[in-house]
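The values are calculated or read from the model by the stated rules, or taken from the named source; none is laboratory data. Since the structure is predicted, the reported quantities are computational estimates derived from the model, not experimental observations. Glycine gets a Cβ as well: all are built from the backbone with ideal geometry, and neighbour counts include every protein chain shown.
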Amino acid sequence: MDHGRLPAIPLPRAQAVTPSRARAAGTPAGTKARVSTLRVGVHVGISGGYAAAVEYARRIGCTAMQIFSGNPRTYKIAPIAVDALAEFARARTAAGIDPCVIHTPYLINLASDDNKIAHGSLRLVEHDLEVAAAGGIRLVNTHLGSYGTRDRNEGFAAICKMLERALAKIAPGVELVLENSAGAGNLAGGTMEELGRFLSVLDHRQLGICLDTAHAWAAGYDIHTAQGVEAFLDTVERTIGLERVRMFHLNDTQVPLGGNRDRHWHIGEGNIGRDGFRALLAHPALREKTFILETPGDEEDDVRNLALVRELAREAGATA
């Protein structure tokens, strides 16, 4: 793969403001931070081509976007269309959309004790990292999979081995981000402590974290109030480090707290609610993060959800 076709994109800037630092500086969490521009977008389908995907994102006012690089429900890998990806990068730049995120396929299970599944999953991650490098795409977001009946420590070591192999080939300007799970069954990555352990063991500067709000709620993190958001972010700072959180998936949910089910719902209409999302958007430690919505529905729903995020951001003293 020739990664020289497009210039490398600099890694996202580390965040200097943590919850504890914000308090020490006299900026209480949950109060208005200085005005900044949040990077906000939605997951966009590419079945109509890259140009149509960018046009959709531009039309509804996205400043960031997320895509699948191909069919998310198969292990089959298509050839990398380098010229099309180069045009995709130019179109995003012209539309002011940055960053772009690739979400890896749903089938990935890096913890599997089935060699075919584990190595097939690794190849999917490696492929999306290659696509990202060819398309000037900064972030590749992946789920980790399930330990199944495997011993958790054995499964954890297996995931680390696979991630180490993927990171050995990662191109400059691309980051791999691990997404938290809803904690159902033996899913990996359901706690901040476990995500932090992956970062600590692998110790790679191009490895980061994506926090999904619906998954966090389903895993038992109460983020529906400013106080709950503050406590959650303090946990993230202690176990992961907020500077390693590259992005958020903003999703509400109708699942009960700690329900361990992955069900997304419209922003402000579920159990996290407006107060929870307002507190997240208000927090000074998050003002330069990327926020991607994965809410259900069609364009009308995307417009409505984005509009509410912008409204809450304005109330929080940020712009989106």
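Among (1) at pLDDT 95 or above; (2) of a type outside the set (Val, Ile, Thr); (3) in contact with a helix residue (DSSP H, G or I) (Cβ under 6 Å, 6 or more places away or on another chain), which single condition is Pro284 missing?
Against the list (1) at pLDDT 95 or above; (2) of a type outside the set (Val, Ile, Thr); (3) in contact with a helix residue (DSSP H, G or I) (Cβ under 6 Å, 6 or more places away or on another chain), Pro284 comes up short only on (1).
Can you find a residue that is farther than 17 Å from Arg39 by Cβ, buried (at least 21 other Cβ atoms within 10 Å of the Cβ) and modelled with pLDDT of 95 or more anywhere in segment 234-243?
Just the residues of segment 234-243 that are farther than 17 Å from Arg39 by Cβ, to begin with: 234-241.
Right, trim to buried (at least 21 other Cβ atoms within 10 Å of the Cβ) and you get 236, 240.
Cutting the leftovers down to modelled with pLDDT of 95 or more gives us 236, 240.
There is at least one residue in segment 234-243 that is farther than 17 Å from Arg39 by Cβ, buried (at least 21 other Cβ atoms within 10 Å of the Cβ) and modelled with pLDDT of 95 or more.
Kindly evaluate Arg34 against the criterion of being over 18 Å from the mean Cα position of the chain (by Cα), modelled with pLDDT under 95 and assigned to a loop (DSSP other than H, G, I, E, B). Reasoning before the result, please.
Details: over 18 Å from the mean Cα position of the chain (by Cα): yes; modelled with pLDDT under 95: yes; assigned to a loop (DSSP other than H, G, I, E, B): yes.
Criteria met by Arg34.
On the basis of being surrounded by 24 or more Cβ atoms within 10 Å (Cβ to Cβ), more than 21 Å from Asn180 (Cα to Cα) and either among the acidic types (Asp, Glu) or in contact (Cβ under 8 Å) with a residue 40 or more places away in the chain (or both), does Gly61 make the cut?
On the way: surrounded by 24 or more Cβ atoms within 10 Å (Cβ to Cβ): no; more than 21 Å from Asn180 (Cα to Cα): yes; either among the acidic types (Asp, Glu) or in contact (Cβ under 8 Å) with a residue 40 or more places away in the chain (or both): yes.
No; evaluated as a whole, the condition is false for this residue.
Which one of the conditions (1) part of a loop (DSSP other than H, G, I, E, B); (2) surrounded by fewer than 17 Cβ atoms within 10 Å (Cβ to Cβ) does Gly270 fail to meet, given that it meets all the rest?
Every listed condition holds for Gly270 apart from (2).
Taking the condition of being over 16 Å from the mean Cα position of the chain (by Cα) and either crowded, with 23+ Cβ neighbours inside 10 Å or among the charged types (D, E, K, R) (or both), how many residues in segment 135-149 meet it? Walk me through it before giving the result.
In the first step, residues of segment 135-149 are kept if they are over 16 Å from the mean Cα position of the chain (by Cα); the result is 135-136, 146-149.
Then keep just the ones that are either crowded, with 23+ Cβ neighbours inside 10 Å or among the charged types (D, E, K, R) (or both); that gives 135-136.
Final tally of qualifying residues: 2.
Conditions first: (1) within 26 Å of Ala53 (Cα to Cα); (2) assigned to a loop (DSSP other than H, G, I, E, B). Leu306 passes all but one, so which condition is the exception?
Condition not satisfied by Leu306: (2).
Can you tell me how many residues within segment 187-220 are part of a loop (DSSP other than H, G, I, E, B), in contact with a helix residue (DSSP H, G or I) (Cβ under 7 Å, 6 or more places away or on another chain) and surrounded by fewer than 23 Cβ atoms within 10 Å (Cβ to Cβ)?
First pass over segment 187-220, keeping only residues part of a loop (DSSP other than H, G, I, E, B): 188-191, 203-206, 219-220.
This time we only want the ones that are in contact with a helix residue (DSSP H, G or I) (Cβ under 7 Å, 6 or more places away or on another chain), so: 188-189, 204, 206.
With the extra rule that they be surrounded by fewer than 23 Cβ atoms within 10 Å (Cβ to Cβ), the set shrinks to 204, 206.
Here the count works out to 2.
May I ask you to say which residue of Thr27, Thr74 is of a type outside the set (Phe, Trp, Tyr), within 24 Å of Glu315 (Cα to Cα) and modelled with pLDDT under 95?
Thr27
Would you mention how many residues in segment 154-184 are without any contact (Cβ under 8 Å) to a residue 40 or more places away in the chain and among the small types (Gly, Ala, Ser)?
2
For segment 125-153, how many residues are within 18 Å of Ala89 (Cα to Cα) and either part of a loop (DSSP other than H, G, I, E, B) or without any contact (Cβ under 8 Å) to a residue 24 or more places away in the chain (or both)?
Summing the residues that are within 18 Å of Ala89 (Cα to Cα) and either part of a loop (DSSP other than H, G, I, E, B) or without any contact (Cβ under 8 Å) to a residue 24 or more places away in the chain (or both) in segment 125-153 gives 4.
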